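Peer 1: One structure, pasted below without further comment.
The values are calculated or read from the model by the stated rules, or taken from the named source; none is laboratory data. The structure presented is a predicted model; accordingly, all values stated were derived computationally and were not measured. Heads up, the Cβs are rebuilt from the backbone with ideal geometry, glycines too, and the neighbour counts pull from every protein chain shown.
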Amino acid sequence: MPPANSTGLVGGAAGPATLEAAKAAAEAGDDKRVIELIQQWLQTRPTGEAAADGFYLIGQASWHVQQPDDAIFYLKKLLADTPRSPRAAGASALLGQIYAGQGSTAEAIAFFEKATALDDSPEFRLPIEEQLAGLYRQTGNLIKAVDTLLTMRRMAEAAGDAAAVAAVEGRISDLIDHENDVERLQRLAASAAKRFPTDLALLRLADLAVQQHEPYDEEQWLKRFLTDFSKHPKAADITTRLRANVDAVKDKSSVVGLLLPLTGPARAFGRNALRGAQVAWEAVPAQDRAPFGLAIRDSQSADGLQADAVERWAKEFHLLAVVGPLLNRETGQVAPVARRLELPFISPGALVGSAPPRPSPDTTKEPAKEPAAASEPYLFWNGLTLAQQAQAVADYAVARLGAKRFMVLYPDEPYARTAAEIFSDTVRALQGEVIASISYPPDTTDYGAQIRAMKTSDLNRYGAIGPPVEGKPPDEWPYTPGFDAIFLPGDAEQGGLMAAQLAFYDYERTTLLGVGSWNRQELLTFGGRFVEGAVMADGFFARSPAPAVQEFVRRYQLRYHEEPDLFAAQAYDAMRMILSALQQGARNGRQVGEYLGGIRLFPGVSGQTTLVPGQAAQKQPVIVKVQGGKLIQVN
């Protein structure tokens, strides 16, 4: 039905004559007369193109007299009743203008896009594309804004208008030069392939990397520019810029290498480690780090870990130490370089499978020195091992929670099997007992069979059924578990799901124990109230009350607008240890290695640390507990 504020007049001329009169009134600019005539004429219920003409005329006139709601009604009526009418493109364009004027950007864009799809003639599209470009820019859609301007450029090229082409290119350049969102620029560079304006996007990304003190990113964007645009007018300048950056690092008296996975499957972990190391670097006052430089290398590049290539890299930059590699399996590849050049490598990951002797319960005392591994005196690891996590949570459960009897449920995969074995060995060493250790397929989501098997094992030892409940079979009588805690070394999602299912089987009051893989929001998301009281050991807790951790997290969030993870924390500490060696006067790799090998009880954000050459670091894990629906540190 027509808008509520229509006059609804009846009578007057009807049929084509009235429509022609309305058209004449529109040509004369008499919008009120147009509205009056069309409202009368619509009483005859016209159809087809005549109706489309009438709806367009009254919609346009209503807009002119500042009755946008009426205009929207009639124009949408046109599109609904005659979607294939020649008037549909104009109606869509007019709706776009109305919504744009009301600040309804999404609706305006939708109708403008519909209009260009209905009529692709340059004279019709050009003013609409102009408006779309502004709306896309307003909404932060860089790719759409650029695509729209490129469409306008193609129109100008087809018209042979060189000045218009240059003007549009200038607008695109200005748009990219003022874009500060790295992800938008990356998407633009990916969408435009090896053509304009990818060149501008790559250069903007490189400039942003400079502003954000990301030398590796700057280098990668400039190298891609040269690969994709080798004949570009700016190619020579970019080559000079890259050489100057390398020379600036080589000129430093002390250079630290960063050898991390910056591409490939482990990219996210490597990038976080790189960021942690850079935060440590930037925490040193500018004047104090002036003599020092950073050389960054992707361990996943074509020759990233080849011994001869790593050695050339180390010699080219006269490296004194390296943070990296990240993964345990990679350290063997750089070991020959470490030995030949007396160049210390300190990995911000963990030495997988290492199970050092369980530390003394009195962690305030310095642990006894262990003999260095003579074969690898320049390899160090600054990561909390799985063994240390499993040992720490077992220690806490026995010493602090008073638990004596345990069950173990673990996914049947190497990581969890190792944790289960070490946890069980530690419990026994502490005079506790593991009643049963039960595995499940890693992709399991229904743990009923394993939980029932655990209950059977418990009833054969310490669990109790009863007292009897009248009218109910024995399997529905109350069950009292005969153990104190369950160790669940799966991931956070598995831990949360299993906690809910354990509660169903009457284990809601049993303490749940895990390792660092639980220190994630997913544990709370999937476990809800059923993980309340759960305890885990990890190498880093971003919400720790420790001042050093708070300062690190503050710096990291200020720099990267996200919370640091374990790899960032361990790389941060690794860089701090190397910088300490340099600040203490170490001027070659052998001196840095000797300093690192002598570190005892280093107050790191990833735990109190003692480095042992060729072996896993001795670290004091963080104990985290679920309390009040939140993760908190309890040691």
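Peer 1: Find all pairs meeting these conditions: Cβ atoms under 8 angstrom apart; at least six residues apart or on different chains; first residue within the stretch 460-484 and over 22 Å from VAL398 (Cα atoms); second residue aliphatic (A, V, I, L, M) and in a loop (DSSP other than H, G, I, E, B).
Peer 2: GLU476/VAL469; TRP477/VAL469; PRO478/VAL469
Peer 1: Would it be correct to say that ARG289 is of a type in the set (Lys, Arg), closer than 30 Å to HIS561 by Cα and modelled with pLDDT of 95 or more?
Peer 2: no
Peer 1: Going through the stretch 247-274 one residue at a time, which ones are touching a Ser or Thr at 6+ places or on another chain (Cβ under 9 Å) and more than 24 Å from SER580 (Cβ to Cβ)?
Peer 2: Hits for the stretch 247-274 are PRO261, LEU262, THR263, GLY264, ALA266.
Listed here are the residues, each with its yes/no results for (1) over 16 Å from LEU631 (Cα atoms); (2) assigned by TED's automatic domain parsing to the domain that holds SER347; (3) surrounded by 13 or more Cβ atoms within 10 Å (Cβ to Cβ).
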site: PRO468; (1), (2), (3): yes, no, no
site: PHE487; (1), (2), (3): yes, no, yes
site: GLN494; (1), (2), (3): yes, no, yes
site: TYR507; (1), (2), (3): yes, no, yes
site: TRP518; (1), (2), (3): no, no, yes
site: GLU522; (1), (2), (3): no, no, yes
site: GLY528; (1), (2), (3): no, no, yes
site: GLU532; (1), (2), (3): no, no, yes
site: TYR556; (1), (2), (3): yes, yes, yes
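Peer 1: Looking for whichever is assigned by TED's automatic domain parsing to the domain that holds VAL182 and under 29 Å from ALA193 (Cα atoms) here; the options are SER62, SER121, SER92. Which one fits?
Peer 2: Result of the check over SER62, SER121, SER92: SER121.
Peer 1: Look at the stretch 301-333 and say how many of its residues are farther than 18 Å from ALA571 by Cα and not β-branched (Val, Ile, Thr).
Peer 2: Here the count works out to 19.
Peer 1: Scan ASP181, ASP199 and give me the residue that is buried (at least 20 other Cβ atoms within 10 Å of the Cβ), of a type in the set (Asp, Glu) and under 27 Å from ASN245 (Cβ atoms).
Peer 2: ASP199
Peer 1: Just a yes or no: is a residue in the stretch 435-458 touching a residue at least 60 places away in the same chain (Cβ under 8 Å) and within 30 Å of LEU566 (Cα to Cα)?
Peer 2: Checked against the condition, which is being touching a residue at least 60 places away in the same chain (Cβ under 8 Å) and within 30 Å of LEU566 (Cα to Cα), the stretch 435-458 yields no hits at all.
Peer 1: Which condition number does PRO411 fail, the rest of (1) in contact with a Gly (Cβ under 6 Å, 6 or more places away or on another chain); (2) surrounded by fewer than 18 Cβ atoms within 10 Å (Cβ to Cβ) being met?
Peer 2: In the conditions (1) in contact with a Gly (Cβ under 6 Å, 6 or more places away or on another chain); (2) surrounded by fewer than 18 Cβ atoms within 10 Å (Cβ to Cβ), PRO411 misses (2) alone.
Peer 1: Another question, then. Being without any contact (Cβ under 8 Å) to a residue 24 or more places away in the chain and under 15 Å from VAL605 (Cβ atoms) is true for just one of GLU562, GLU551. Which residue is that?
Peer 2: GLU551
Peer 1: Filter the helices (runs of 4 or more DSSP H) completely within the stretch 68-171 down to those with at least 3 residues that are touching a residue at least 40 places away in the same chain (Cβ under 8 Å), in contact with a Cys (Cβ under 7 Å, 6 or more places away or on another chain) and on the phi > 0 side of the Ramachandran plot.
Peer 2: none
Peer 1: If you check ALA189 against the conditions, is it in contact with a Phe, Trp or Tyr (Cβ under 9 Å, 6 or more places away or on another chain), assigned by TED's automatic domain parsing to the domain that holds LEU132 and modelled with pLDDT under 95?
Peer 2: Taking the combined requirement at face value, the residue satisfies it.
Peer 1: Is at least one residue of the stretch 239-250 touching a residue at least 60 places away in the same chain (Cβ under 8 Å) and in a helix (DSSP H, G or I)?
Peer 2: Yes, the conditions are met somewhere in the stretch 239-250.
Peer 1: Any residue in the stretch 409-419 that is modelled with pLDDT of 95 or more and more than 29 Å from GLU330 (Cβ to Cβ)?
Peer 2: yes
Peer 1: Going through the stretch 578-601 one residue at a time, which ones are of a type in the set (Gly, Ala, Ser) and over 14 Å from LEU343 (Cβ atoms)?
Peer 2: SER580, GLY585, GLY598
Peer 1: Any idea which of LEU294, LEU258 is in a strand (DSSP E or B) and farther than 16 Å from VAL334 by Cα?
Peer 2: LEU294
Peer 1: Can you tell me which residues in the stretch 243-266 are surrounded by 17 or more Cβ atoms within 10 Å (Cβ to Cβ) and more than 30 Å from GLN591 (Cα to Cα)?
Peer 2: Hit for the stretch 243-266 is ALA266, nothing else.
Peer 1: Continuing with the same structure: Looking at (1) modelled with pLDDT of 95 or more; (2) among the β-branched types (Val, Ile, Thr); (3) in a loop (DSSP other than H, G, I, E, B), find the lone condition where THR263 falls short.
Peer 2: For THR263, the failing item is (1).
Peer 1: Sticking with this structure for a sec: Could you run through the stretch 528-541 and say how many residues are out of contact with any strand residue (DSSP E or B) (no Cβ under 8 Å at 6 or more places or on another chain) and on the phi < 0 side of the Ramachandran plot?
Peer 2: Final tally of qualifying residues: 2.
Peer 1: Report yes if some residue within the stretch 21-33 is at pLDDT below 95, under 18 Å from LYS76 (Cα atoms) and not charged (D, E, K, R); otherwise report no.
Peer 2: Checked against the condition, which is being at pLDDT below 95, under 18 Å from LYS76 (Cα atoms) and not charged (D, E, K, R), the stretch 21-33 yields no hits at all.
Peer 1: Being surrounded by fewer than 15 Cβ atoms within 10 Å (Cβ to Cβ) and β-branched (Val, Ile, Thr) is the filter here, so list the residues in the stretch 37-87 that pass it.
Peer 2: Of everything in the stretch 37-87, those that are surrounded by fewer than 15 Cβ atoms within 10 Å (Cβ to Cβ) and β-branched (Val, Ile, Thr) turn out to be THR44, THR47, VAL65.
Peer 1: What number of residues within the stretch 172-220 satisfy the criterion of being among the β-branched types (Val, Ile, Thr) and not in a helix (DSSP H, G or I)?
Peer 2: Looking only at that region, the number is 0.
Peer 1: Go over the candidates ALA277, ALA290, ALA283 one by one and state the one that is within 15 Å of SER580 (Cα to Cα), among the aliphatic types (A, V, I, L, M), surrounded by fewer than 19 Cβ atoms within 10 Å (Cβ to Cβ) and in contact (Cβ under 8 Å) with a residue 24 or more places away in the chain.
Peer 2: Exactly one of ALA277, ALA290, ALA283 is within 15 Å of SER580 (Cα to Cα), among the aliphatic types (A, V, I, L, M), surrounded by fewer than 19 Cβ atoms within 10 Å (Cβ to Cβ) and in contact (Cβ under 8 Å) with a residue 24 or more places away in the chain, namely ALA283.
Peer 1: Considering each residue of the stretch 92-113, count those that are surrounded by fewer than 18 Cβ atoms within 10 Å (Cβ to Cβ) and touching a helix residue (DSSP H, G or I) at 6+ places or on another chain (Cβ under 6 Å), and give that number.
Peer 2: The qualifying residues number 2.
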